[in-house]
Amino acid sequence: MPSTYSILKKLKSDYPTIDFQPADDYLWSPSKQTVYYSEKYSNKDGYAYLLHELSHGLLKHSDYDRDVTLIAMERAAWDTAKDLSGKYNLTIDEDFIESNLDSYRDWLHARSTCPNCGATGMQTKKLAYSCPACSHKWRVNEARVCALRRFSI
């Protein structure tokens, strides 16, 4: 399996308009056109995350208005990462991809669960939901990297 250094060197050469910077975790910054990467994961997981974040950049992902759009963007980035992996003689396990997507699905389910009656609500605005069962309305915080909070409105 290629080293992290050799993969990064190749990616920097293949994608000169995208910057790659070390960080505490993996993420794509559309405003800085930068893939941030961490060495805290095993090579196999690290390569997968690195290609995934690069894929967000190649797909020009930036912001989203609906939570389901974020999940669609994540799926597209994983599909592109899987396609890219062959170019670099790497493989990304489908179970690994689904596990990562499950974390977003769980996040969406938690945000959309009515804090009043427990039914699944509908997103009405970027951070707002409404329950079709009891008409309760609530707002949520961003909660992608922190604890989910729901506030009745």
Exercise for review: Tell me which residues, restricted to the stretch 58-81, are surrounded by 18 or more Cβ atoms within 10 Å (Cβ to Cβ) and either of a type in the set (Phe, Trp, Tyr) or not in a helix (DSSP H, G or I) (or both).
Suggested key: HIS61, TRP78
Practice item. Would you check if there is a residue in the stretch 63-76 being over 17 Å from ARG105 (Cα atoms) and over 13 Å from the mean Cα position of the chain (by Cα)? Key: no
Practice item. Would you be able to say whether some residue in the stretch 2-22 is under 22 Å from ARG105 (Cα atoms) and touching a residue at least 12 places away in the same chain (Cβ under 8 Å)? Key: no
Point to revise | Inter-residue pairs, beta-carbon under 8 Å, first assigned by TED's automatic domain parsing to the domain that holds LEU50 and in the stretch 81-92, second β-branched (Val, Ile, Thr) and in a loop (DSSP other than H, G, I, E, B), 6+ apart | key: ALA81/ILE92; LYS82/ILE92; SER85/THR91; SER85/ILE92
Point to revise | Among the residues listed as ASP102, ASP106, the single one being within 17 Å of ALA48 (Cβ to Cβ), out of contact with any Ser or Thr (no Cβ under 8 Å at 6 or more places or on another chain), in the same structural domain as LEU51 (by TED's automatic domain parsing) and part of a helix (DSSP H, G or I) | key: ASP102
Practice item. Would you mention how many residues in the stretch 101-135 are touching a helix residue (DSSP H, G or I) at 6+ places or on another chain (Cβ under 7 Å) and polar (S, T, N, Q)? Key: 2
Review point. Hey, ARG150 hits all of (1) crowded, with 17+ Cβ neighbours inside 10 Å; (2) out of contact with any strand residue (DSSP E or B) (no Cβ under 9 Å at 6 or more places or on another chain); (3) at pLDDT below 95; (4) of a type outside the set (A, V, I, L, M) but one; which does it fall short on?
Key: (2)
Practice item. Could you identify the single residue in LYS12, LYS44, LYS40 that is loosely packed, with under 15 Cβ neighbours inside 10 Å and in a loop (DSSP other than H, G, I, E, B)? Key: LYS40
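The values are calculated or read from the model by the stated rules, or taken from the named source; none is laboratory data. Note that the structure is predicted; figures quoted are calculated from it, not measured. Here Cβ is always computed from backbone atoms with ideal geometry, including for glycine, and neighbour counts include all displayed protein chains.
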